[in-house]
């Protein structure tokens, strides 16, 4: 089976992985990992002890023993402080209980762990509003600001809180089929 192609968001996550300072063998959760499980597979290739969680049978077929069938709208099947880092790339918009999902992501992170959260949703409750709610309600979580220099050409889209937020009108492309397709939001959170 050929490795699946990474999305542009997944490639950006991997490019910035060294900045997280994770040791080889760090325990990583990719949730939801999606049917292709592309990010999970790429993290495994880089030497991380990675689990891909989802309900998609395609992901299970690709990942085998590192797949966890998990309803991400319910309590997660792992004990507290199980992972060094958790990635959620373009997945929250497919879930019903956004706040419960993020609370569970925080719970399963070890102290010093990092949550990297990305969504293409324009809905505040699937992006900035839900992250604000989590930070406000969980004293174990704080934002790790994204520096404007981390994303060349997107400096203007780093918010005052240190998140990255673009709207369809922000990224014009000479190819009209590519302009204004989606918004994007990313936040990086530390578990203290």
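A few comments on the model shown:
- Rounded to the nearest 500, the helix-only mean residue ellipticity at 222 nm of the chain stands at -6500 deg cm²/dmol, with each DSSP H run of n ≥ 4 adding -39,500 (n - 2.57).
- Peptides ranked, highest mean first, by Cβ atoms within 10 Å: ranges 2-8, 139-145: 139-145, 2-8
- Cβ crowding within 10 Å, taken as a proxy for footprinting-reagent exposure, orders 84, 133 from fewest neighbours to most as 133, 84.
- Using a simple spin-label model with pseudo-atoms 7 Å out from Cα toward Cβ, residue 192 and residue 137 lie 2.0 nm apart.
- Look at the alpha carbon pairs under 8 Å that are at least 6 residues apart: their mean separation over the length of the chain gives a relative contact order of 17 percent.
- Packing, as the average of other Cβ atoms within 10 Å across residues, places the peptides 70-80, 100-110, 41-51 in the order 100-110, 41-51, 70-80, highest first.
- As a rough footprinting exposure proxy, the listed residues 118, 33 were ranked by other beta carbons within 10 Å of their own, and the order from fewest upward is 118, 33.
- In terms of other Cβ atoms within 10 Å, 9, 116 run from fewest to most in the order 9, 116.
- Alpha carbon centroid spacing (whole Å) that separates segment 50-81 from segment 120-150: 23 Å
- Of all beta bridges that DSSP places with both ends in the chain, some 45 percent have antiparallel geometry.
Taken together, the values in this text are just the output of simple stated rules run on the coordinates, not laboratory data. Keep in mind it's a predicted model, so treat the numbers as computed, not measured. Every residue, glycine among them, receives a Cβ derived from its backbone with ideal geometry; neighbour counts consider all protein chains shown.
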